[in-house]
Amino acid sequence: MAKPLVQATGRRKSSVARVRLYPGTGQVTLNGGRSLEVYFPHAALRQRVLEPLRAVEVEGQYDIIAQLEGGGTTGQSDALRLGIARALVEIDMEHRPTLKKGGMLSRDARRVERKKYGLRKARRAPQFTKR
């Protein structure tokens, strides 16, 4: 395949998305051959992934090839979204204010809180019985 126009990485929770943008027709290929519709069956996730392209009005101008690892569907879709946004900024710095205003360039740092001893989950205590 031809040399990518630009490469970027997006992360969310335990998911990592390595994104490559090529000049093309707007085709999205994930994990070596799966289309966006197959990989993310929910329309809301697909819409969230393509949001950066719509924001800067370049939908259909770039082919996206991404490698996604770790986490679940929501984490992977948000990681992919961040990777695409970062790649678009690398292509043209004039996209930065639009993407920044839309909150697409900030990495969501929230992670799962660890379980503490004596508790059932991170904060959930065992049920208290008075008698």
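The values are calculated or read from the model by the stated rules, or taken from the named source; none is laboratory data. Computed from a prediction, not measured in an experiment: that's the story for all the values here. Backbone-built Cβ (ideal geometry, glycine too); neighbour counts: all protein chains shown.
What to note about this one:
- The condition of being within 22 Å of Pro4 (Cα to Cα) and hydroxyl-bearing (Ser, Thr, Tyr) holds for only one of Thr98, Thr29, that being Thr29.
- When region 25-42 is filtered for residues that are loosely packed, with under 15 Cβ neighbours inside 10 Å and not acidic (Asp, Glu), the ones remaining, listed by number, are Thr25, Gly26, Gln27, Asn31, Gly32, Gly33, Arg34, Ser35, Val38, Pro41, His42.
- Screening Ser106, Ser77 for residues that are polar (S, T, N, Q), under 23 Å from Arg18 (Cβ atoms), without any contact (Cβ under 8 Å) to a residue 60 or more places away in the chain and touching a strand residue (DSSP E or B) at 6+ places or on another chain (Cβ under 9 Å) leaves exactly one candidate, Ser77.
- Test: residue in region 76-84 that is of a type in the set (D, E, K, R) and under 13 Å from the mean Cα position of the chain (by Cα): yes
- Where Ile91 falls short, out of the listed (1) surrounded by 12 or more Cβ atoms within 10 Å (Cβ to Cβ); (2) at pLDDT 95 or above; (3) aliphatic (A, V, I, L, M): (2)
- Sole residue being closer than 19 Å to Gly102 by Cβ, acidic (Asp, Glu) and touching a residue at least 40 places away in the same chain (Cβ under 8 Å), chosen from Glu59, Glu51: Glu51
- Scan region 3-31 for residues that are under 21 Å from Thr73 (Cβ atoms) and at pLDDT below 90 and the total you get is 0.
- Unique residue being in contact with a Pro (Cβ under 6 Å, 6 or more places away or on another chain) and farther than 17 Å from Lys13 by Cβ when the list is Ile84, Ile91: Ile84
- Just one of the listed residues (Gly118, Gly70, Gly75, Gly83) is out of contact with any Lys or Arg (no Cβ under 9 Å at 6 or more places or on another chain) and among the small types (Gly, Ala, Ser), and it is Gly118.
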